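A.B. asks: Structure below; questions to follow.
The values are calculated or read from the model by the stated rules, or taken from the named source; none is laboratory data. It should be emphasised that the depicted structure is a prediction, and the values quoted were computed from it without experimental measurement. Don't worry about glycine lacking a Cβ; one is built from the backbone with ideal geometry, like all the others, and counts go over all protein chains shown.
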């Protein structure tokens, strides 16, 4: 199958070239490789590039600033139910929250107090606000097992 | 009634085991009585699963809230169609639906091919084995049995309702189509397995697997398209495809099956690529299982994933590896008998075209698989989880997709074995001219918003369409020279060579799809906060916010905004985006309003009603999206033409096409 091999080599080398070009472009551009971390991991690291951070919206922290086309809120590491008992009223507790500024008003339908969300964007300086370009909320009713487990406990 | 379902599932376990054992025994000993036991077990197992499915439907109809599954997925206020469709709204019920479909396919396969006595024992063994695994999950894994009852003190008078996002007409059929596609690949897999196990490596299994693959592939295509349509009309982010792991999970088997449907022709005509074809069949079904595992085990994070249970994922992985090891092990063992007799004679030949096609499909599969698994891969390799966005898939997928599109036009012009250059150049003359004209025209028209990738895609679309028209014209002219009228010539064209000319229609559907995909290069969006009486403008369009009213439905409430759409000052339509809150599920949902033309869609979302009484709207202007649905319909029409039993009267024999009524 020397002819077949020729074709294979041709196609593979073209694709390899494409892959190389693409990975190069992706490293620089937005929407390419993104770190995915939970809030705890993110706070501990000093990532300043693009990141996806997983957390829960702090109850009562959502501020819709319509004139500025912004939604501001804070993220916490663990779900709201768990936090209710020992609500972080101390400044130390608040410090573990991540303030998020989302430049847009079109938050997902499931975005609300206590929602499990993933924010995508970047932090300009360590300890500063997280500038989100995208906010994703998870479908709660499909987490039937997880939901019923935590409710029964 | 639900007890009936519970015990039917238990009983089916025994029957499926019997089918598996009897099938293997019949395969090994060649005894026909064992084969008959296996065949009947396959039918009885289907009957039992019908009983289970039916009793679950009844439970949803009667709202038996003592069943945990009904209580978490249905509610009294839900309209009946959604209450019944709630059956596949969650993990356990969709697993039952999956298992039922597998059993239905198994019963159909052993009935349609019952005279094929050499292959049948192994076919029923493999299919019963598959059903058995799903029955084990349904019966014994937590949260997977839809007939699990709640303790009496936990039974409520109403359920918690179905996820509102799933309460949409498309969701009534999308999962059905998708599952009909995905489970359907079990049949070709079983036949290929049986051919290798029984050493019957003639042409029988090939004909059978091709037909069943085509059937399943058609439904999978419909399922994927409907999924896109649902996302577009419900999720409200203005798009139809997000390269989410759950979407990719259904796309990967489709890619492998598409590659197989092309390369199988090389085996039929030239008796080559046997090992490769078997590999593709194995890959297709393995990817179906892999995708199911991905969506149901929470291995990869997704916005749409089902509940995460670790044990489920581990069991599934074990099963997947077992099935794959059996199939591919057998393939290695039989490979000496599968060596090709013929060699590739020229790079300019149809078979070479198919070969390139297959390599490209494999590359595409590689891209989708890598992107989907990237979070896991990077976690294993680097210890840090990184994910890739749609840009990764688009950037790498687009060139491969365009190369495939080009091939769609060129490859059918190649002759088998060796194409003559002069003839080929003659056939490429008009398509090339039309390509150049299209590229020049589009470049000129779009000179202010130049997007070369979109222009290339559309020009290639024109190129491919010209080759298809040319092929039809050539064949029809030849027929009409022999005295056939135009209508009769078209009918005969399909009767004599339905695969070729139906295939061209499928290709035309692909062209339309690509036309629609490329439109995304010109997508625009606009966010605006309006008070009643104010307007937003975009290009020629102006949307005037007229009024808002409260929605009062049984199951949800919310607001509906009414906006008048003007195009160049002329009134065109009233758009009514809604923002609903489903009471029971405490979930808000935005229902976009879409004004759709062949050129573009205006997609309007009521993002929020603000505290000060104003409303925030998001407007998306998406060119050419309609061509995706048109392409999808054309595609399905083409597939039906390929599958249609035009010569049913003369076919007969052991291996006729799968039943078209399903």
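A.B. asks: Can you confirm whether residue B:122 is crowded, with 22+ Cβ neighbours inside 10 Å and more than 26 Å from the chain's Cα centre (by Cα)?
C.D. replies: yes
A.B. asks: Which condition from (1) modelled with pLDDT of 90 or more; (2) touching a strand residue (DSSP E or B) at 6+ places or on another chain (Cβ under 7 Å) is the one that residue B:164 breaks?
C.D. replies: (1)
A.B. asks: Quick one: in region B:532-555, of everything that is in contact (Cβ under 8 Å) with a residue 40 or more places away in the chain and out of contact with any strand residue (DSSP E or B) (no Cβ under 7 Å at 6 or more places or on another chain), which residue is nearest to residue B:571 (Cα to Cα)?
C.D. replies: So, considering only residues that are in contact (Cβ under 8 Å) with a residue 40 or more places away in the chain and out of contact with any strand residue (DSSP E or B) (no Cβ under 7 Å at 6 or more places or on another chain), the one nearest to residue B:571 (Cα to Cα) is B:539.
A.B. asks: Further, regarding this structure: When residue B:33 is evaluated against the numbered criteria (1) free of Cβ contacts under 8 Å to residues at least 40 places away in the same chain; (2) part of a loop (DSSP other than H, G, I, E, B), which criterion, by number, is the only one it fails?
C.D. replies: (2)
A.B. asks: Report whether or not residue A:42 is assigned to a helix (DSSP H, G or I) and either at pLDDT 85 or above or under 24 Å from residue B:388 (Cβ atoms) (or both).
C.D. replies: yes
A.B. asks: Same structure, new question: Residue B:613 versus (1) within 14 Å of chain A (Cβ to nearest Cβ); (2) over 35 Å from the mean Cα position of the chain (by Cα); (3) in a strand (DSSP E or B): which is the lone unmet condition?
C.D. replies: (3)
A.B. asks: Can we say residue B:405 is surrounded by 14 or more Cβ atoms within 10 Å (Cβ to Cβ) and more than 10 Å from every other protein chain (Cβ to nearest Cβ)?
C.D. replies: yes
A.B. asks: OK, next. I'd like to check which strands (runs of 3 or more DSSP E) are fully inside region B:531-602 and have at least 1 residues that are out of contact with any helix residue (DSSP H, G or I) (no Cβ under 8 Å at 6 or more places or on another chain) and within 14 Å of chain A (Cβ to nearest Cβ).
C.D. replies: B:535-538, B:556-567, B:578-582, B:587-591
A.B. asks: Give me a count of the residues in region B:155-172 that are assigned by TED's automatic domain parsing to the domain that holds residue B:65 and under 18 Å from the mean Cα position of the chain (by Cα).
C.D. replies: 0
A.B. asks: Among the residues of region B:455-475, is any over 28 Å from the mean Cα position of the chain (by Cα) and outside any helix (DSSP H, G or I)?
C.D. replies: The answer is no; no qualifying residue exists.
A.B. asks: Residues B:326, B:364: which one is within 12 Å of chain A (Cβ to nearest Cβ) and surrounded by 15 or more Cβ atoms within 10 Å (Cβ to Cβ)?
C.D. replies: On inspection, the qualifying residue turns out to be B:364.
A.B. asks: Considering A:52, A:72, which residue is in the same structural domain as residue A:101 (by TED's automatic domain parsing), surrounded by fewer than 17 Cβ atoms within 10 Å (Cβ to Cβ), assigned to a strand (DSSP E or B) and modelled with pLDDT of 80 or more?
C.D. replies: A:72
A.B. asks: Could you go through region B:622-636 and let me know if any residue there is buried (at least 19 other Cβ atoms within 10 Å of the Cβ) and free of Cβ contacts under 8 Å to residues at least 60 places away in the same chain.
C.D. replies: No: zero hits.
A.B. asks: Taking region A:124-141 as the search range and keeping residues that are crowded, with 20+ Cβ neighbours inside 10 Å and more than 8 Å from chain B (Cβ to nearest Cβ), which one is nearest to residue B:235 (Cα to Cα)?
C.D. replies: Residue satisfying both the conditions and the ranking: A:135.
A.B. asks: Can you pull out the residues in region B:143-152 that are within 13 Å of chain A (Cβ to nearest Cβ) and loosely packed, with under 10 Cβ neighbours inside 10 Å?
C.D. replies: Selection gives B:151 alone.
A.B. asks: Kindly state which helices (runs of 4 or more DSSP H) lie completely within region B:37-117 and contain at least 2 residues that are away from chain A (no Cβ under 14 Å) and surrounded by fewer than 24 Cβ atoms within 10 Å (Cβ to Cβ).
C.D. replies: B:80-85, B:91-112
A.B. asks: Looking at residue B:602, is it in contact (Cβ under 8 Å) with a residue 40 or more places away in the chain and under 35 Å from the mean Cα position of the chain (by Cα)?
C.D. replies: In short, yes.
A.B. asks: Would you be able to say whether some residue in region B:195-207 is in contact with a strand residue (DSSP E or B) (Cβ under 9 Å, 6 or more places away or on another chain) and either outside any loop (DSSP other than H, G, I, E, B) or farther than 29 Å from residue B:250 by Cα (or both)?
C.D. replies: no
A.B. asks: Here are some conditions: (1) within 24 Å of residue B:279 (Cβ to Cβ); (2) without any contact (Cβ under 8 Å) to a residue 24 or more places away in the chain; (3) away from chain A (no Cβ under 14 Å). Residue B:447 meets all but one. Which one does it not meet?
C.D. replies: That leaves (1) as the condition not met.
A.B. asks: Right, here's the next one. When region B:382-396 is examined, which residues are found to be assigned to a helix (DSSP H, G or I), more than 7 Å from chain A (Cβ to nearest Cβ) and surrounded by fewer than 21 Cβ atoms within 10 Å (Cβ to Cβ)?
C.D. replies: B:382, B:394, listed by residue number.
A.B. asks: Let me ask you something else. Quick check on region B:639-656. Is at least one of its residues at pLDDT 85 or above and touching a strand residue (DSSP E or B) at 6+ places or on another chain (Cβ under 6 Å)?
C.D. replies: no
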